[in-house]
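**Q** Can you read through this structure? Questions will come right after.
The values are calculated or read from the model by the stated rules, or taken from the named source; none is laboratory data. It should be emphasised that the depicted structure is a prediction, and the values quoted were computed from it without experimental measurement. A quick note on method: Cβ atoms are made from the backbone with ideal geometry, for glycine too, and the neighbour counts reach across all protein chains shown.
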Amino acid sequence: MNFKKYLCLKNLETLLTSMFPNEKASVISAILKDHCIISNGILYEVTSNITYKVTKSEIKMKLYKMATLLIQESYNQLDQQTKKLLNLEYSKQIASIFSNASVEKFYPQLYSELENNEVKFDDYLCEIHLIMVSWIRRL
């Protein structure tokens, strides 16, 4: 997954220090909303060609992976000096934010933040739709 944005130092500190699951979920979902949506119990991930990849089962595992990967890549984007300071200040809890167990603590809130049941996706079965019909007719 290629993230367009990453968590900033303040966001990482929120994940490390906040005792509020809604706050943690809000931090993660602010970035993940650009990459996925949950509608009617189905996870839709945006692909590189701006279509959606559908996941009907194992949504929880997918969200764990997305969230922990976002945290990991955000941490890796920090410069060495900032990483060093973060590691010193939060030495006891820094490793915990990269685990599925940390995401589990705010998973219901994250799911809720990414859920939008008002979205209706096209549901074409065995049909081909041409967007640029006039251009194709010229050929």
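**Q** Yes or no: the range 5-19 includes at least one residue that is touching a residue at least 60 places away in the same chain (Cβ under 8 Å) and over 18 Å from Ser96 (Cα atoms).
**A** yes
**Q** Okay, moving on. Only one of these conditions is not met by Asp79: (1) touching a helix residue (DSSP H, G or I) at 6+ places or on another chain (Cβ under 8 Å); (2) acidic (Asp, Glu); (3) free of Cβ contacts under 8 Å to residues at least 12 places away in the same chain. Which number is it?
**A** (1)
**Q** Additional query: List, please: which pairs have Cβ atoms under 8 Å, are six or more places apart or on different chains, and start with a residue in the range 35-55 that is modelled with pLDDT under 85 and end with one that is assigned to a strand (DSSP E or B) and of a type in the set (Val, Ile, Thr)?
**A** Note: pairs meeting the criteria are Tyr52/Val46.
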